[in-house]
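Report on the structure given below.
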Amino acid sequence: MLELRPSCEHCNTALPAHSTQALICSFECTFCAQCVDKVLANVCPNCGGGFAPRPIRPSHIDVSGNTLSANPMSATVRHRPVDPHKQALLVAAVGAIAAELR
Ligand SMILES: [Zn+2]
Ligand SMILES: [Zn+2]
């Protein structure tokens, strides 16, 4: 099951389950949309992959018990701010390659 992480790994801004500003990579590294755009240039600092919007887990409807309350967010904060120099090198190396071709 997708781990819904509570905040942006870089700036630590809160990203509640209903947030439309949460983006994830395929390994569930979680960042806010502003950091993905302004800091990361759509390159995950941990794996080099691109990002997609994190799906919203339903909290107001109940289909077969697959709800947010039955499957809550992770409480584990992963605040690992990106080193701007290392990120610039990574973006220079792979940022021009479309995410689906990396
Ligand atoms: Zn952020
Ligand atoms: Zn990643």
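Sort out which residues of the stretch 46-67 are part of a loop (DSSP other than H, G, I, E, B) and closer than 16 Å to A22 by Cα, and write them in order of number.
G49, G50, F51, R54, P55, I56, R57, P58
Those residues that are surrounded by 11 or more Cβ atoms within 10 Å (Cβ to Cβ) and β-branched (V, I, T), I need them from the stretch 73-91; list them, please.
The answer is V77, V82, V91.
Could you check how many residues of the stretch 36-45 are part of a loop (DSSP other than H, G, I, E, B) and within 14 Å of ligand 1 (Cβ to nearest atom)? If you could, list the steps in order and put the result at the bottom.
Going residue by residue through the stretch 36-45, those that are part of a loop (DSSP other than H, G, I, E, B) are 41-45.
Adding the requirement that they be within 14 Å of ligand 1 (Cβ to nearest atom) leaves 41-42, 44-45.
Residues flagged as part of a loop (DSSP other than H, G, I, E, B) and within 14 Å of ligand 1 (Cβ to nearest atom) within the stretch 36-45 amount to 4.
Under 6 Å by Cβ, and 6 or more places apart or on different chains, what pairs join a residue from the stretch 15-31 that is surrounded by fewer than 17 Cβ atoms within 10 Å (Cβ to Cβ) with one that is of a type in the set (G, A, S)?
From the stretch 15-31, the pairs are S26/G49.
Every number in this text was worked out from the coordinates using simple rules, so none of it is lab data. All figures in this text were calculated on a predicted structure; none of them were measured in a lab. Reconstructed Cβ throughout: ideal geometry from the backbone, glycine too, with neighbour counts over all protein chains shown.
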